[in-house]
1. Answer yes or no: is there a residue in region B:106-121 that is hydroxyl-bearing (S, T, Y), touching a strand residue (DSSP E or B) at 6+ places or on another chain (Cβ under 7 Å) and either away from chain A (no Cβ under 14 Å) or crowded, with 20+ Cβ neighbours inside 10 Å (or both).
2. Quick one: how many residues across region B:32-67 are closer than 21 Å to A:R72 by Cβ, at the interface with chain A (Cβ under 7 Å from one of its Cβ atoms) and polar (S, T, N, Q)?
3. Could you go through region B:12-29 and let me know if any residue there is crowded, with 17+ Cβ neighbours inside 10 Å, in contact with a strand residue (DSSP E or B) (Cβ under 7 Å, 6 or more places away or on another chain) and either within 14 Å of chain A (Cβ to nearest Cβ) or free of Cβ contacts under 8 Å to residues at least 40 places away in the same chain (or both).
4. I'd like the full set of residues that are in contact with a strand residue (DSSP E or B) (Cβ under 6 Å, 6 or more places away or on another chain), more than 7 Å from chain B (Cβ to nearest Cβ) and either farther than 18 Å from B:D81 by Cβ or among the polar types (S, T, N, Q) (or both), limited to region A:45-56.
5. Which residue out of A:I23, A:I39 is more than 10 Å from chain B (Cβ to nearest Cβ) and of a type outside the set (D, E, K, R)?
6. Go through B:E53, B:E49 for me and flag whichever is outside any strand (DSSP E or B) and buried (at least 18 other Cβ atoms within 10 Å of the Cβ).
7. Residue by residue through region A:57-80, note down the ones that are more than 11 Å from chain B (Cβ to nearest Cβ) and open to solvent by 50 Å² or more (accessible area, probe 1.4 Å).
8. Looking at B:R90, B:R94, which one is open to solvent by 40 Å² or more (accessible area, probe 1.4 Å), farther than 20 Å from A:H29 by Cβ and part of a loop (DSSP other than H, G, I, E, B)?
Amino acid sequence: MSFPRECRDYKGLRVIVTQAVAIHVSQRHVEMMIHLEKICDVLKTPDLVYFRKRTDSYIFYKLGVLSGSISRNYMVVIAKYDENGEGLVRTTFSTGKPANGDMLVHMTGGA
Amino acid sequence: MAQDTFQFDTERFKEANKDYIGRIEREGLKAIYDATLDTLFVEIGGPKEALTEHMVDNVMVRINPDSLQIVGFEILDFLDDFLPENRLVREALRDWNLSRTSDSEQTLMESQYAPIKDVVESAIGHLSQRTAGAT
């Protein structure tokens, strides 16, 4: 998978995955290396999207996309958007449940 | 959601992290600052596969899903948001010349970095309370 890569989120907004994020994942979230290709999928068809006011970030959650020892977890993608509505992925990781304290802004019917 | 997500046992989590000080002494504690992402990573030993659990605000805890040991932290918006709001950590890291223009690393084994090790203990308490209802 080559970077930077352009994705579209569930609203159709452009979100970029940079080379810096890919390097960050390869070095610090080694368990996510084989799942990098799924970032676009999480952004486009998330199960849940939360907004974290403190850091002005959107947190996308999707189940059923991970494999191996973390397969029963959400794949999470955190993105920030600029004033033109263009997003940048900050990081991606796996987690057991959505974070506390964030504002739910989107949920699919199955969630 | 129909699919069950991973839930970890509170008592097993506390037991797994009882000796976190000893583990830090054996494996070392290191901080890596990524200037491009403005993110601080704190690792016990080297990088490991882990789940990431949100603790509070910008702080996320990295947990080995098999052993339930805390293996590190990740703090987003570290210079822009976290450090200005956390005096103790700011004081502990005052000798580390962090800037948004360059990445850097720092071992955290000296006594001045004790507040960073205290974050591990806080995470154990915090996550133990959060997961108590899940067991």
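1. Narrowing region B:106-121 to residues hydroxyl-bearing (S, T, Y): B:107, B:111, B:113.
Remaining after also requiring touching a strand residue (DSSP E or B) at 6+ places or on another chain (Cβ under 7 Å): B:107.
Cutting the leftovers down to either away from chain A (no Cβ under 14 Å) or crowded, with 20+ Cβ neighbours inside 10 Å (or both) gives us B:107.
The answer is yes, given that some residue of region B:106-121 is hydroxyl-bearing (S, T, Y), touching a strand residue (DSSP E or B) at 6+ places or on another chain (Cβ under 7 Å) and either away from chain A (no Cβ under 14 Å) or crowded, with 20+ Cβ neighbours inside 10 Å (or both).
2. 1
3. The first filter runs over region B:12-29 and keeps only residues crowded, with 17+ Cβ neighbours inside 10 Å, leaving B:13, B:16-17, B:20, B:23-24, B:29.
From what's left, in contact with a strand residue (DSSP E or B) (Cβ under 7 Å, 6 or more places away or on another chain): B:17, B:20, B:23-24, B:29.
Filter once more, keeping what is either within 14 Å of chain A (Cβ to nearest Cβ) or free of Cβ contacts under 8 Å to residues at least 40 places away in the same chain (or both): none.
Looking through region B:12-29, none of the residues is crowded, with 17+ Cβ neighbours inside 10 Å, in contact with a strand residue (DSSP E or B) (Cβ under 7 Å, 6 or more places away or on another chain) and either within 14 Å of chain A (Cβ to nearest Cβ) or free of Cβ contacts under 8 Å to residues at least 40 places away in the same chain (or both).
4. A:P46, A:L48, A:V49
5. On the way: A:I23 fails: more than 10 Å from chain B (Cβ to nearest Cβ).
When all the criteria are applied, what remains is A:I39.
6. B:E49 is the lone residue from the list that is outside any strand (DSSP E or B) and buried (at least 18 other Cβ atoms within 10 Å of the Cβ).
7. Within region A:57-80, A:Y58, A:S67 qualify.
8. On the way: B:R90 fails: part of a loop (DSSP other than H, G, I, E, B).
Answer to the selection: B:R94.
The values are calculated or read from the model by the stated rules, or taken from the named source; none is laboratory data. Model, not experiment: these values are computed from the prediction. Cβ atoms come from the backbone with ideal geometry, glycine included; neighbour counts cover every protein chain shown. Just so you know, the surface numbers come from the protein's heavy atoms only, side chains and all, with ligands and any DNA or RNA stripped out. Shrake-Rupley method; radii C 1.70, N 1.55, O 1.52, S 1.80 Å.
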